[in-house]
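Okay, so here's the structure we're looking at.
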Amino acid sequence: MGNIVRFPKRPEGPQSAELDADNIKAAVRLPRPSLPALLAWLWRVLRLPLFLVLYWLRLPIVGLCNLISRPALLAFMGGFFLIPAASPHRHIVWVFGGVSLAAFALGWLYDSLLLALAPEGVVIGL
């Protein structure tokens, strides 16, 4: 019986429960939110309304980008055939190409922004 561990006996008598109101309030009080936690909460609250407003504006914005991009692309491609290389107005062909590329990129970036803001579980067909 040499390998038996004896536990200390419980003291006899009533235990004094230290029920101090300040200690209880300190234990129950929630920690003060930090700035990153507050910003994360604010982002979660504003993300869906921002997405819905931007999704509502998608048709006019992307439609305008397509309305600019497609004719500018046709003018860019047609300018190579219709404007001679020695013409002093040849630089306008590259302007049409730049405008077409910029409008296309703006529409693509707008759709990418919408996909990034979309709530999880929402399947949207852009």
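Put a dot 7 Å past the Cα of residue 55, heading toward its Cβ, do the same for residue 74, and the two dots end up 3.3 nm apart. Return the single residue from 48, 30, 109 with maximal mean-square fluctuation; model: Gaussian network over the chain, springs between Cα atoms under 10 Å. Sorting by GNM fluctuation, first place goes to 30.
Projected label points at residue 86 and residue 6, each 7 Å from Cα along the beta carbon direction, are separated by 11.8 nanometres.
Please work out the Kirkwood hydrodynamic radius for region 37-116, using every pair of different C-alpha atoms, and report it in angstroms with one decimal place.
14.9
Work out, in µm²/s and without decimals, the Stokes-Einstein translational diffusion coefficient of region 77-125 at 10 °C, 1.306 mPa s, Rh from Kirkwood over C-alpha pairs. The estimated diffusion coefficient comes to 118 µm²/s. Of 100, 34, 112, the residue with the greatest mean-square motion in the GNM of the chain, using alpha carbon springs below 10 Å, is 34. Surface composition of the chain: carbon and sulfur atoms hold 71% of the protein heavy-atom accessible area at a 1.4 Å probe. With the simple model of a label 7 Å out from the Cα in the direction of the Cβ, residue 46 to residue 101 spans 3.4 nm.
Over region 30-84, the fraction of Cα-Cα pairs per 5 Å bin, rounded to whole percents and listed from the shortest bin up, is 4, 15, 11, 10, 10, 9, 9, 7, 7, 6, 5, 4, 2, 1, 1, 0. Computed from point charges on the beta carbon alone (+1 for Lys and Arg, -1 for Asp and Glu), the dipole magnitude for the chain about its Cα centre is near 100 Debye. Helical runs (DSSP H, four residues minimum) scored at -39500 (n - 2.57) apiece and divided by the length of the chain put the mean residue ellipticity at 222 nm at -22500 deg cm²/dmol.
The values are calculated or read from the model by the stated rules, or taken from the named source; none is laboratory data. Everything quoted here is computed from the prediction, not taken from an experiment. Methodologically, a virtual Cβ is constructed for each residue, glycine included, from the backbone with ideal geometry; neighbour enumeration extends over all protein chains shown. We work out accessible area using only protein heavy atoms, side chains counted, and drop any ligands, DNA or RNA first. Shrake-Rupley method; radii C 1.70, N 1.55, O 1.52, S 1.80 Å.
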